[in-house]
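The values are calculated or read from the model by the stated rules, or taken from the named source; none is laboratory data. A quick note: this is a predicted structure, and the numbers were derived from the prediction, not measured. For neighbour counting, all protein chains shown are included, and Cβ atoms are generated from backbone atoms with ideal geometry for every residue, glycine included.
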Amino acid sequence: MDRIEAENLEVSRVSETTVFSVAGSLCALLVLALTILPAEAGPPYLTDDPEPVDYQHFELISYTIGTHVKGDTSGMAPGFDFNYGLIPNGQLHLGAWLSFDRPGAMAPQFGYGDSEIGFKYRFIQEDEQGWRPQVALYPIMDFPTGDQSRGLGAGHTRTLLPIWVQKSFGDWTIDSGGGYWINNGGGTLDKDYWFSGLLVQRKVAPDLTLGGELFHQTATVIGGNDSTGFNLGAVYDFDEHNHLMLSAGRGLQNSVASNEFSWFLGLQIVY
């Protein structure tokens, strides 16, 4: 598995009532989970956001991410995302990682995975006093630098064409969006697919933000099944430059084959 497969979404145009209804449901789910477990969009979530890095500034995210399904655990450790504010409202993105795959009783595999490049451009600014959200396009291309035969890459170039939307209400932030993956490997069972998601976050303390998201993906292979899942996460600010990011979740639909458990743990450095 590579990271960008986990980062695909489709825009939802919903009414104001629907937005707050879904947000309330996600927050209730987050509260419930936090009572059972020991106690920013984009990483550590699958839903991205339309906000680029500030002009002539950068962020570096180092992380581990993975997914367990019946008979297999795969992911990246470590992975690196580098984002740079190349122009006002425009961000250059580069991604590289070491992939791992542990297919049941077979020997685990580890090596360099696929690589990616993208560019986020925000073309609508948020009206903080009104209802207009900020909106961005964020095309990303994955290159097959990983060894597909060892489960460390897709084996072909893939392209994501998404749009991201965000609106804030005080301490609450709602992100939604999605995109179309061009995933046809040519002569393989892979096919193009959609990924969509909705993320709700709340700043509960000056240095802590909690969030929960729901996401849905159509089948990525011929004869495959759609999948739906959720993540619960947090971002902790050590200071204005250093941030701890974590999330965990699982599938709600076809989870045995798509996502019995998934995680993200990373450190974000912003300058």
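Could we say that Thr218 is of a type in the set (Val, Ile, Thr) and closer than 14 Å to Asp48 by Cβ here? Let's see the steps before the verdict.
Numbers: of a type in the set (Val, Ile, Thr): yes; closer than 14 Å to Asp48 by Cβ: no.
So Thr218 does not fit the description; no.
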task = For segment 55-76, state whether one or more residues are surrounded by fewer than 13 Cβ atoms within 10 Å (Cβ to Cβ) and closer than 24 Å to His243 by Cα.
result = yes
request  = With the condition kept exactly as written, say whether any residue in segment 202-209 is out of contact with any Lys or Arg (no Cβ under 6 Å at 6 or more places or on another chain), crowded, with 19+ Cβ neighbours inside 10 Å and not in a helix (DSSP H, G or I).
outcome  = no
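If a residue must be within 21 Å of Lys203 (Cα to Cα) and of a type in the set (Asp, Glu), how many such residues does segment 147-174 contain?
Looking only at segment 147-174, we keep the residues that are within 21 Å of Lys203 (Cα to Cα), and these are 164-174.
Those still in the list that are of a type in the set (Asp, Glu) too: 171.
Number satisfying all stated conditions: 1.
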query = Of the residues Gly197, Gly249, Gly212, which is buried (at least 23 other Cβ atoms within 10 Å of the Cβ) and in contact with a helix residue (DSSP H, G or I) (Cβ under 6 Å, 6 or more places away or on another chain)?
reply = Gly212
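Would segment 245-253 turn up any residue that is among the aliphatic types (A, V, I, L, M), in a strand (DSSP E or B), within 20 Å of Leu161 (Cα to Cα) and in contact with a strand residue (DSSP E or B) (Cβ under 8 Å, 6 or more places away or on another chain)? Break it down stepwise before answering.
Start the filter on segment 245-253 by keeping residues that are among the aliphatic types (A, V, I, L, M), which leaves 245-246, 248, 252.
Next cut, in a strand (DSSP E or B) only: 245-246, 248, 252.
Add one more test, that the residue is within 20 Å of Leu161 (Cα to Cα), and what stays is none.
Scanning segment 245-253, I find no residue that is among the aliphatic types (A, V, I, L, M), in a strand (DSSP E or B), within 20 Å of Leu161 (Cα to Cα) and in contact with a strand residue (DSSP E or B) (Cβ under 8 Å, 6 or more places away or on another chain), so the answer is no.
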note = Of the residues in segment 116-142, those that are surrounded by fewer than 18 Cβ atoms within 10 Å (Cβ to Cβ) and of a type in the set (Ser, Thr, Tyr) come to Tyr121
note = Residues in segment 154-186 that are assigned to a loop (DSSP other than H, G, I, E, B) and polar (S, T, N, Q) total 3
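Answer yes if at least one residue in segment 213-225 is over 22 Å from Ala257 (Cβ atoms) and either outside any strand (DSSP E or B) or in contact with a Pro (Cβ under 9 Å, 6 or more places away or on another chain) (or both), and no otherwise. If you could, list the steps in order and put the result at the bottom.
Filtering segment 213-225 down to residues over 22 Å from Ala257 (Cβ atoms) leaves none.
The answer is no, given that none of the residues of segment 213-225 is over 22 Å from Ala257 (Cβ atoms) and either outside any strand (DSSP E or B) or in contact with a Pro (Cβ under 9 Å, 6 or more places away or on another chain) (or both).
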key: Residue list for segment 43-93, restricted to those being modelled with pLDDT of 95 or more, in a loop (DSSP other than H, G, I, E, B) and closer than 23 Å to Thr228 by Cα   = Pro44, Tyr45, Leu46, Thr47, Asp48, Asp49, Pro50
